[in-house]
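Colleague: First, the structure itself, so that you have it in front of you.
The numbers here are math on the coordinates, done by the rules we state, and not lab data. Computed from a prediction, not measured in an experiment: that's the story for all the values here. Here the Cβ positions follow ideal geometry from the backbone for every residue, glycine too, while neighbour counts run over all protein chains shown.
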Protein chains: 2
Amino acid sequence: MENMVWSKKEKQIARQAFNKAYKNEVTDIMNKAKDRLHTLENPKEIWELHDFLTDKRDETDNKYDYRYSVLILVFSRLINEGWITMDDLKGLGEDKITKINQVLKL
Amino acid sequence: MENMVWSKKEKQIARQAFNKAYKNEVTDIMNKAKDRLHTLENPKEIWELHDFLTDKRDETDNKYDYRYSVLILVFSRLINEGWITMDDLKGLGEDKITKINQVLKL
C-alpha cells in the first residue's frame with residue numbers, strides 16, 4: 001500500500017472524501033454534545049462532557065491521518081464506521097478500491 | 001490566616017458557601033457552553049468549546065481549594081468574582097470577616 005501512486009485526480013477525490021468524513025464525524029460529535037448538554041441533571045456533569053470531547057478529540061486527531069502511505073487503511077476505517085461510503089471514493093483506481101475492499105473483509 | 005481556628009459551626013457555614021460558589025460557577029460554565037454550542041457556525045468549532053472547558057476545568061480545579069489555611073483567600077476571590085456574597089459567610093467569626101474584607105480592599 002505504501003508504494004501506491006496517486007494521480008492528481010485521485011488525490012482530489014481522496015481529499016474530498018477525507019474532508020467529508022471528517023465533517024460528518026465532527027457534526028456527529030457536535031450533535032452528541034448538544035444532546036448531552038440538554039440532558040444534564042447536575043451542572044457538575046459538564047465535566048463528563050469535557051471528558052467526552054477530550055476522548056473524541058484524541059480519537060479524531062489520530063484517525064484523520066492524511067498520509068498516502070496509510071490512506072487505504074484510513075478510508076477502510078471511515079467506511080466501516082459509516083462516515084463515508086464506497087461511493088465517495090468513486091474515481092479512485094481499481095488498485096485502491098480492491099485494497100480497501102480487502103481490508104473491509106478482514 | 002493559617003493559624004485561624006474554625007469552629008464546627010464555622011466549618012459548616014464555610015462548606016455551604018464553598019459548595020454554593022462552586023455550583024454557581026459550574027452552572028455559569030454550563031450555560032456558556034450551551035450558548036457556544038447554539039451559535040456554532042462550523043462543526044469544527046466544537047474544539048473551541050473543548051478548549052474553553054479545558055481552561056475552565058483547570059481554573060476551577062485550582063480555585064476551589066478547601067484547605068482552612070487558604071480559605072480566607074479563596075472566599076475573597078469567590079466574592080470578588082461574584083460567585084457568593086458576604087451574606088453567604090454570615091456566622092463566621094469577626095476575625096475571618098475582617099480578613100476577607102481586608103483582602104477585598106487590596
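Colleague: So the label point sits 7 Å from Cα along the Cα-to-Cβ vector; using that for A:T98, what distances do you get to the other copies, in nanometres, sorted shortest first?
Modeller: 8.9
Colleague: Sticking with this structure for a sec: In degrees between 0 and 90, to the nearest 10, how far off the longest principal axis of chain A does helix A:71-80 point, with axes built from Cα atoms?
Modeller: That helix lies at roughly 50 degrees to the long axis.
Colleague: Under the rule a/c < 1.5 gives rounded, and otherwise a/b versus b/c splits prolate from oblate, where does chain A land using the Cα gyration tensor?
Modeller: Prolate shape, in that a/c is at least 1.5 and a/b is the bigger ratio.
Colleague: While we're here: List, in order, the whole-Hz ³J(HN,Hα) value for each residue of the range A:8-18 obtained from phi through the Karplus relation with A = 6.51, B = -1.76, C = 1.60 and θ = phi - 60°; use x for Gly and Pro.
Modeller: For the range A:8-18, the Karplus curve yields 4, 5, 5, 5, 5, 4, 4, 5, 4, 5, 4 Hz.
Colleague: So what are the ³J(HN,Hα) numbers for the range B:87-95, from phi and the Karplus equation (6.51, -1.76, 1.60; θ = phi - 60°), rounded to whole Hz, Gly and Pro as x?
Modeller: 4, 5, 9, 4, x, 6, x, 4, 4
Colleague: Taking only Cα atoms, what is the 0 to 90° angle, nearest 10, from helix A:46-63's long axis to the longest principal axis of chain A?
Modeller: Between the helix axis and the principal axis of chain A, the angle is about 10 degrees.
Colleague: From the label point of B:D35, set 7 Å from Cα along Cα→Cβ, how far away are the matching label points in the other copies, in nm, ordered shortest to longest?
Modeller: Label-point separations across copies, in nm and ascending: 2.7.
Colleague: Can I ask one more? State, to one decimal in nm and shortest first, how far the label point of A:K9 sits from each corresponding label point in the other identical copies (label point: 7 angstrom along Cα-to-Cβ).
Modeller: The projected label point of A:K9 is separated from its counterparts by 8.7 nm.
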